[in-house]
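Some notes on the structure that comes next.
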Amino acid sequence: MKTNVFTSGQDGYHTYRIPALLVTKAGTLLAFCEGRRTGRGDHGDLDLLVKRSEDGGETWSEQLLIYGEPGEVTIGNPCPVVDGDTGVIWLPFCRENDDVFMTHSGDDGETWADPVDITADVKMPAWGWYATGPGVGIQLQRGEHRGRLVIPCDHREDGNYGNGSHAIYSDDHGATWQLSALIAPGANECQVVELSDGSLKMNIRMQTYSEGVRGISVSGDGGHNWSEVVHDANLPCPKCQASLIGEGDRLFFSNPVSLTPPEEPEAGTRFYPGKGRGERVNMTVRLSEDGGQTWSREKLLHEGPAAYSCLALLPDGDVGCLYEAGEEHSYQYLVFERFRI
């Protein structure tokens, strides 16, 4: 099943970008995004929006404005997480990619609390850029930090230089938030999963120090400290956000993949050309049964222009993906697709 949930040019916005997909404790699907009112650009009059589906993605509500400000103010980078103990949905986001805010919903995403500024708790003074997610956070299910809420984030120091990733986390059901140690250099937008042994794996867009593939960092203490970045040759990446979700060691990963064979390809191999930006095309989902060591199966969701995505495990065992795609360019639609792989 495939549905265009948001269509650029409709309902008062020029472009819809930066998808986040969440399943609530009640089983409702929430599709978050940035509504870009006057253009496609990353900065300007941007609002934070959501639509709800109570029938597994067959139909969707009218869009709800979660937060926006008058004029050319950039609101965005949604990265929601649901607290399975309380049912509360926590939604961090950024203002002007500088200040960090947190809102929450206690009624299955129908209404949202006034945002609280948490910048002082989760951002270092030297950082000139900050982004929560985008995508989703997780709640830990194992070990001494069970119940912890973990949100993957990225930052920059000294303007456009000093790219790094990090996490913020809460051990008191969202009442307060703390900053983790940093993942650097070159790390950017990221997503995190908890593996069956309780370790966390961060999957990272490498903005600099890139080898044309995803970066990986791991944590053995619930997301506070992180290992050095290792480049994963199995996951090509055209410098674009990607999604990673999982249950134990069964993981799903989605991103656009530009595939071009090398001059003398080895039998059975697929190749990402070079370390540059590459094309954002061909939204592809991969399955790993061993915690991301290998990827045994894949499914092409969209052939053609595609960019950001967000996966979710659905209550009936299907996988859902909310992703940017189109025929003319990557930002025509935010598409919801459910499938098995």
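Give me the percent relative contact order of the chain, please, defined on Cα pairs under 8 angstrom at least 6 residues apart. Dividing the mean separation by the residue count of the chain yields 13 percent. Scattering from the range 289-334 was approximated by placing one identical point on each alpha carbon and applying the Debye formula without solvent; log10 I(q)/I(0) at 0.13, 0.27 1/Å stands at -0.40, -1.00. Could you list, bin by bin from short to long, the percent of Cα-Cα pairs of the range 55-100 in 10 Å steps? For the range 55-100, the binned pair fractions read 20, 38, 32, 9 percent.
For the range 55-172, the square roots of the Cα gyration tensor eigenvalues, ordered a ≥ b ≥ c, give a/c of at least 1.5 with a/b no greater than b/c, which places it in the oblate category. Summing Lys and Arg as +1 and Asp and Glu as -1 over all other residues whose Cβ lies under 12 Å from the Cβ of P70 gives a net charge of -3. With contributions of -39500 (n - 2.57) from each DSSP H run of at least four residues, the per-residue ellipticity at 222 nm computed over the chain stands at 0 deg cm²/dmol.
Hey, which of these cross-link pairs are over 27 Å Cα-Cα: K25/K51; K2/K123; K25/K239; K2/K51? Going by Cα-Cα distance, K2/K123; K25/K239 fall outside the 27 Å limit. For the chain, a Gaussian network of Cα nodes joined below 10 Å ranks V122, V81, V50 by mean-square fluctuation, and the top entry is V122. Straight-line cross-link reach from K201 at under 16 Å between alpha-carbon atoms covers these aspartates and glutamates, not counting any fewer than eight positions away in the same chain: D154, E189, D221, E228, D232, E247, D249, E289, D290.
The tail of the calculated P(r) for the chain beyond 36 Å holds 11 percent of all Cα-Cα pairs.
No lab work stands behind these numbers, since they all come straight from the coordinates. Keep in mind it's a predicted model, so treat the numbers as computed, not measured. Heads up, the Cβs are rebuilt from the backbone with ideal geometry, glycines too, and the neighbour counts pull from every protein chain shown.
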